[in-house]
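Read the figures in this text as sums done on the coordinates, not as results from a lab. The structure presented is a predicted model; accordingly, all values stated were derived computationally and were not measured. Here Cβ is always computed from backbone atoms with ideal geometry, including for glycine, and neighbour counts include all displayed protein chains.
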Amino acid sequence: MNNKAKRSLAAGAACAMGVGLLVSSPAVATAAPIVVDPATTAVVNLLHFNDFHGRLDATSTVQFAGTIEQLRADYPESTVLLSGGDSIGASNFTSSSQDDEPTIDVLNAMELDASAVGNHEFDRGVDDLTGRVAGLIEFSYLSANVTLDGAPIGPAYDLFEIDGITVGVVGAVTEQTPSLVDGSGIVGVEFGDPVVAVNEVASALSDGDEANGEADVIVAEIHEGSQLSLAPNAPQAEQQALLGPDAAGGGVFGNIVNGLSADVDVIFNGHTHRTYSWLAPVPGAPGETRPVVQSNEYSNLLGQVVLAVDRATGDISVEGLTNHARTTTPAADLVAAYPRVAAVKAIVDEAVAQAAIIGNVEVGSISGPITVPSLSNGNRGEESTAAQMVANMYREQLASDARGGADIGIVNPGGVRDSFLYEPTAPETEPGVVRLAEADTMLPFINNLWTITLTGAELDAVLEEQWQRSIDGEPFTSGRTYLQLGLSDNVTYVSDPSRPLDDRVSDIAIDGEFITPEQEIRVASASFLIGVMGSNPGDNFWSFAEGADERDSGLVDQDALLGYLADNPGLAPDYSVRHVDLVGLPGTVSGGSEQTVEVRQVDRIRSLGADASSTVEIVDEAGTVLGAGDVVVNTDANGAPLTTSATVTFTVPPAADLAAAVRTLSVRTDNGTMIPFQLEVSPTDRIAGDDRFATAVELSQSAYAGGADVVYVASGENWPDGLAAGPAAAHEGGPLLLVRKGEAPQIVLDEIARLGAERVVVVGGEPTISAATQAQIDALATVTTVDRVAGDDRYETAQLIADYAFETASGAYVATGRSFPDALSAGAAAGHLDWPLLLVDPDEQVPAATLGSLDALGADLVRIVGSSKTVPSAVAGEFVDAGFTVSRLGGVDRFATSAIITASAFAAPLDAAYLVSGEHYPDALAGAAVAGATDVPMLITRNQCVPDSVRDELERLQVSTVWLIGGEPTLSPALESLTVCG
């Protein structure tokens with residue numbers, strides 16, 4: 001692809017010595033010409049630009065050409081002008097409306113010597129590049145790593161004699177090109193590893209065999225590079241600090257820096273539109289460095305590397321390494337000074353005039369700016385108003401059955417190249433009017449539009465592939481690791497980038513309905529992205545290849561856009577988003593629990609005209625606000641907004657009918673965003689520590705987050721005293737904690753201190769809680785009083801607790817002191833009613849002191865807990881004889897009794913209930929105290945399943961959340977779904 005006559009090569013030119021660069025001094029950002037002895041030293045002036053993309057205009061293009069001429073003037077016979085590719089394609093309207101021929105004419109007029117092919121050189125297909133374009137260019141398009149049906153599509157390198165020195169330039173393009181262009185135009189084309197290809201050519205140019213070409217200086221032009229960028233001509237230490245780790249991390253840039261052989265003396269990059277001029281270490285050559293340069297985009301910068309070459313030894317030193325800004329010299333002065341600039345101006349003026357005629361046609365109107373995230377080809381990792389508008393266009397224009405029956409539209413972020421600006425940016429731009437030139441600049445690729453059927457699972461996979469990976473599924477670790485697809489406005493989803501790859505996207509909805517994995521969805525998009533007719537999908541969205549029933553609509557994107565603009569006058573930007581990151585939400589949550597999530601990407605804050613929301617809300621199906629958070633605007637180093645986010649704490653709505661339920665909640669913002677997501681809500685939650693002592697502490701913390709003035713302490717090893725202590729603790733407004741006989745666990749002491757309790761009540765005598773344990777508690781800084789309440793036995797202790805804690809009570813629960821299950825639920829009921837719980841010996845008379853305590857409290861009601869087998873009728877009769885109104889609460893077993901006790905004290909509806917083991921008792925002691933204090937019933941259950949009677953009582957109470965007290969050894973996971981005993 002070279003129609004330009006080569007500069008003659010001196011016969012018998014010396015072969016390259018293969019030595020690395022010997023840097024004589026740190027590179028300086030200067031254009032001052034170097035002074036050498038021409039008899040001993042040759043000078044090579046390398047000028048480079050990349051990613052020009054046909055950005056023709058009457059001022060900047062002339063000044064770009066002028067910059068080249070100014071730098072050529074210092075070395076009029078020693079300059080090589082090179083391009084890193086993407087000189088054409090994705091061009092502005094002036095160039096694209098004329099098939100980029102004006103840009104090619106400009107490159108010819110500037111006497112470009114050689115260029116690597118870029119991926120955009122393949123936008124119109126390989127045949128266009130090797131045919132029409134090859135017939136127009138007067139420079140070499142180099143493609144060392146590209147073949148068609150096994151044969152090179154063009155030259156891999158070109159040779160230039162500069163000041164008696166042979167300079168070899170080798171060009172290659174990114175290996176990702178098949179995913180960046182329409183696959184139907186590159187059928188049979190293979191893109192190999194650019195580093196391998198360049199090394200092969202460099203080796204041949206350095207092997208001493210003149211039959212395959214030789215070069216004294218080898219320059220690599222590779223259309224690929226780092227994603228990192230620096231200020232032009234940043235100090236080398238700063239560049240090393242940023243780019244060194246990037247190269248060491250591997251990826252495409254690391255492969256270039258560390259994989260290119262020492263035969264390569266200078267490396268120029270492109271593709272990523274970044275800025276650097278780094279002296280990078282040469283692999284295998286300690287202490288030696290070589291330039292690695294990229295020069296931004298659109299002719300903003302011009303790279304320069306000046307080399308001094310020793311004619312005798314072949315040693316090379318870098319004497320200049322600079323990224324020059326475009327000159328600000330007036331265009332008229334440049335035209336007068338430089339004939340090449342005058343030729344460029346004539347070409348551009350004619351192209352601009354012709355484009356004005358072509359592009360001045362009004363094709364639509366807008367009522368606000370519809371933009372990409374920045375006003376250049378900027379961030380491809382966020383939503384934009386322009387991408388959504390294009391995706392809407394795809395869907396609407398291909399919605400009819402005749403066009404493919406599209407349900408949704410999807411656009412790749414790189415497919416939308418420019419904006420519709422509502423406010424004028426130049427005198428000839430009219431607010432509200434969209435002209436053909438603007439429409440062409442927004443969608444410059446002329447892609448065919450197709451529809452394809454994806455299942456819900458395949459659509460999910462496509463959205464997962466926004467986190468980019470190779471066709472083999474290996475995630476990218478450098479380059480563009482994330483690409484945000486533009487979606488039509490009837491599609492929403494949430495994602496969590498903190499989750500593992502391929503498990504980040506969820507809750508995809510179309511027209512407000514969540515999709516199913518088997519659901520068939522017609523997707524409208526460009527042929528590039530879908531990968532039609534057996535070609536690979538674009539931008540590494542590989543799952544499009546799994547789609548079915550692909551159909552060509554017969555429209556190209558430009559024609560479809562013009563039709564859409566005609567059908568939708570006054571288009572307005574939509575600043576609401578169609579997806580948010582929802583980070584920190586577990587898969588299953590308990591009804592009534594509090595959850596905190598981080599909501600990211602709340603606004604299209606970098607779309608022109610967008611304002612940040614003030615609040616993010618989580619709402620339920622009825623629109624009731626469950627929680628809200630303030631929006632934070634995250635800015636760059638210059639204070640410019642980048643993203644918005646909010647931290648939201650919300651209360652989970654209850655599950656229904658004591659069964660796990662999927663609830664639909666939504667993220668809502670004041671910019672109009674409403675994104676639904678589903679949450680599996682469990683009817684249960686668990687309060688548990690590592691042991692009974694820790695579980696009691698967990699219960700205390702759940703009920704007394706703000707502290708408590710009083711704490712009751714009972715034995716966790718010998719339980720009767722704790723039965724009566726629970727209601728007393730609830731009545732006095734403090735928790736019940738458990739201790740060992742000989743010590744108080746540190747976790748318990750820490751909890752008493754956290755609560756700030758001044759008074760601690762030790763329940764039971766020293767046979768159950770030693771004096772040493774009491775002394776540990778007394779030594780706590782917050783504790784001023786430790787009272788011990790203890791009788792001669794459990795019955796007297798219960799009676800003394802009633803006397804200690806209660807001044808009055810309208811009634812009391814009475815349970816046997818021989819076995820404990822019946823007393824467990826009674827403790828919670830008693831605490832709820834502010835009644836004491838008393839214990840009796842079924843084989844003995846009721847002590848007079850017990851009857852006296854009830855009388856002193858003013859009690860009238862006595863509820864006997866348990867059947868006559870546990871509390872004989874004779875015992876109940878003694879309370880009747882003493883003048884109390886007595887009722888018996890007993891069922892066929894302990895679980896039925898628990899339900900009856902609960903029914904005696906609690907009326908529906910209730911928000912919550914506690915469920916505790918009726919077979920292993922310690923957790924219930926502390927549970928009764930917290931249940932009573934919070935007015936929540938506590939029922940007992942089997943360890944593996946919920947008895948029918950208990951389940952029935954939970955349903956009668958209409959509770960929305962059931963709290964399990966105790967760990968899995970005592971309450972199995974089966975209870976988390978409230979499994980009923982068979």
Projected-area average for region 41-345 over all orientations - Cα convex hull basis, square nanometres: 15.0
Top positive-direction residue, dipole computed over the chain with Cβ charges, set V44, P497, L148: P497
In order through region 266-273: 3J(HN,Hα) via Karplus (6.51 cos²θ - 1.76 cosθ + 1.60), integer Hz, x for Gly, Pro: 9, 10, 10, 10, x, 6, 8, 6
Rg and Dmax of region 363-567, Cα atoms only, in Å: 16.7, 54
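Once whole DSSP H runs in the chain are found, which of them have Cα atoms spread over 27 Å or more along the helix axis and a mean Kyte-Doolittle score of at least -1.0?
Qualifying helices, which must be both long enough and hydrophobic enough, are 339-359.
Tell me, rounded to the nearest percent, the portion of alpha carbon pairs in region 686-977 spaced more than 36 Å apart.
10
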Options L957, Q701, G827, ranked by Cα towards positive dipole end of region 686-977, top entry (Cβ charges): L957
Contact order normalised by residue count of region 129-247, Cα under 8 Å, 6+ apart, percent: 24
Region 673-711-region 857-894 distance, computed between alpha-carbon centres (Å): 35
Part-to-part distance (alpha-carbon centres) for region 78-101 and region 797-852, which is given in Å: 93
Interchain or long-range residues, amide H under 5 Å from G811's placed H: D860, L861
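Using the Cβ atoms and a cut-off under 15 Å, what net charge is assigned to the surroundings of S614, where Lys and Arg are +1 and Asp and Glu are -1? Display every interim value, and only then the final one.
Details: positive: R668; negative: D603, D611, E617, D630, D670.
Net of charged neighbours comes to -4.
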Sorted by Cβ neighbour density within 10 Å, fewest at the top, the residues M674, M389, M110: M674, M110, M389
Fraction of beta bridges assigned by DSSP in the chain that are antiparallel (%, nearest 5): 55
Footprinting exposure proxy for W835, W542 (fewest neighbouring C-beta atoms within 10 Å first): W542, W835
Net dipole in debye of region 712-844 [+1 Lys, Arg Cβ; -1 Asp, Glu Cβ; about Cα centre; nearest 20]: 360
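Based on Cβ point charges of +1 for Lys and Arg and -1 for Asp and Glu, what charge dipole magnitude is obtained for the chain about its Cα centre, in debye rounded to the nearest 20?
Computed charge dipole of the chain: roughly 880 debye.
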Of S977, G270, L112, farthest towards positive along the dipole that unit charges on Lys, Arg, Asp, Glu beta carbons give the chain: S977
Over region 579-673, relative contact order from alpha-carbon pairs under 8 Å, at least 6 apart, %: 33
CD proxy at 222 nm, helix term only [per DSSP H run n ≥ 4: -39500 (n - 2.57); per residue of the chain; nearest 500]: -7500 deg cm²/dmol
Distance from region 389-424 to region 326-342 (C-alpha centre basis), Å: 42
Fewest-first sequence of S495, S949 by Cβ atoms within 10 Å of each Cβ: S949, S495
Stretch gain in nm, segment A356-A342, where the contour uses 0.36 nm per residue and the Cα spacing is subtracted: 2.9 nm
Percentage relative contact order, region 756-826, counting C-alpha pairs under 8 Å, at least six apart: 28
Nitroxide proxy distance, nm - points 7 Å out along Cα→Cβ at V886 and A231: 9.3
Surrounding net charge for I218, when Lys and Arg each add one and Asp and Glu each subtract one, Cβ distance under 9 Å: -3
Cα coordinate range in region 579-673, projected on the principal axes (Å, largest first): 53, 23, 18
Net length gained if the chain between D855 and D803 were fully extended (0.36 nm per residue, minus Cα distance): 17.6 nm
Net charge of Cβ neighbours under 13 Å - reference P969; Lys, Arg +1; Asp, Glu -1: -3
